1. Yes or no: ARG61 in contact with a Cys (Cβ under 7 Å, 6 or more places away or on another chain), at pLDDT 95 or above and either part of a helix (DSSP H, G or I) or under 21 Å from THR8 (Cβ atoms) (or both)?
2. Return the residues of the range 88-110 that are of a type outside the set (S, T, N, Q) and out of contact with any Ser or Thr (no Cβ under 9 Å at 6 or more places or on another chain); say none if nothing qualifies.
3. Test ALA99 against the stated conditions and say whether it is under 14 Å from ALA188 (Cβ atoms) and of a type in the set (A, V, I, L, M).
4. What is the residue count in the range 82-112 for residues that are farther than 21 Å from TYR23 by Cβ and aliphatic (A, V, I, L, M)?
5. I need every pair where a residue in the range 24-39 that is closer than 23 Å to PRO67 by Cα and basic (Lys, Arg) has its Cβ under 8 Å from the Cβ of a residue that is assigned to a loop (DSSP other than H, G, I, E, B) and modelled with pLDDT of 95 or more, sequence separation at least 6 or different chains.
6. Across the range 24-63, which residue is farthest from LEU206 (Cα to Cα) among those that are β-branched (Val, Ile, Thr) and in contact with a strand residue (DSSP E or B) (Cβ under 7 Å, 6 or more places away or on another chain)?
7. If you check ALA155, ALA141, ALA182, which single one turns out to be farther than 30 Å from SER91 by Cα, in contact (Cβ under 8 Å) with a residue 40 or more places away in the chain, small (Gly, Ala, Ser) and surrounded by 17 or more Cβ atoms within 10 Å (Cβ to Cβ)?
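The values are calculated or read from the model by the stated rules, or taken from the named source; none is laboratory data. Because the structure is a prediction, the values reported are computed rather than measured. Cβ: placed from backbone, ideal geometry, glycine included. Neighbour counts: every protein chain shown.
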Amino acid sequence: MFGSLLKTRMVAPERALPGRDDYAFAVPERHTVLRTSLQGPWPPGTAVLSVGMGCFWGAERAMWRLPGVVTTAVGYQGGYTPFPLYEEVCSGLTGHTEAVLVAYNPRVLSHGDLLRAFWAGHDPTQGYRQGNDRGTQYRSAVYTTVPEQAAAAEATGERYQAELWKAGLGDITTEIRPASTAGPFYYAEGYHQQYLDKNPRGYCGLGGTGVACPVGPLTDQR
């Protein structure tokens, strides 16, 4: 993890809500914009990465607009409670962050370019907060599934940190770790999926720092 201590307190595992054994709702089959499967299967070679950028409504829209993205979905990851509900996540008693699953073609959208969009699309210095949204579910996070993603996250994060310091901003607090240690990605309720496509004037608290993430070759490339 980069930088300073996060701003609020994470629930201890023994105090987390117990959750349930399966989804309490049906997960939609198709993406309302891309018309692709939310849960797969996806074309051979598709890479999968999860990111937390604050409220997942705006974060998902930012991701589905990137060229090379196969599908996106919103959900909960990085916590303790199995198959949580939105209200449970918002209570702070599950440990999850609001996450966006991004399935993408790395031959079209490199790991590095996806991570650059992630860094520039929100403020990764705010700990358990994003703008006016406060709580552990709004923390910045990257959950990787292949080593190349982890390398790209670290490399682009280091470059972005340098630019943030130049701009007088603070330390990155983003949680970067393998998805295998962050726990499963639990799909959110159907009404959250592609929320801003269904509600074009809906709330979007997503806002970057105004600092661009530097471009240039990375060791991972694709």
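1. Numbers: in contact with a Cys (Cβ under 7 Å, 6 or more places away or on another chain): no; at pLDDT 95 or above: yes; either part of a helix (DSSP H, G or I) or under 21 Å from THR8 (Cβ atoms) (or both): yes.
The answer is no for ARG61.
2. Residues of the range 88-110 that are of a type outside the set (S, T, N, Q), as a first pass: 88-90, 92-93, 95-96, 98-104, 106-109.
Of everything in the range 88-110, those that are of a type outside the set (S, T, N, Q) and out of contact with any Ser or Thr (no Cβ under 9 Å at 6 or more places or on another chain) turn out to be CYS90, GLU98, ARG107, VAL108, LEU109.
3. Numbers: under 14 Å from ALA188 (Cβ atoms): yes; of a type in the set (A, V, I, L, M): yes.
For ALA99, the condition - under 14 Å from ALA188 (Cβ atoms) and of a type in the set (A, V, I, L, M) - is met.
4. Total satisfying the criteria: 2.
5. ARG30/THR36; ARG30/LEU38
6. Initial filter on the range 24-63 (β-branched (Val, Ile, Thr)): 27, 32-33, 36, 46, 48, 51.
Filter again for in contact with a strand residue (DSSP E or B) (Cβ under 7 Å, 6 or more places away or on another chain), leaving 27, 36, 46, 48, 51.
On the way: VAL27: 24, THR36: 24, THR46: 26, VAL48: 22, VAL51: 13 Å.
The extreme case among them is THR46.
7. Working: ALA141 fails: farther than 30 Å from SER91 by Cα; ALA182 fails: farther than 30 Å from SER91 by Cα.
On inspection, the qualifying residue turns out to be ALA155.
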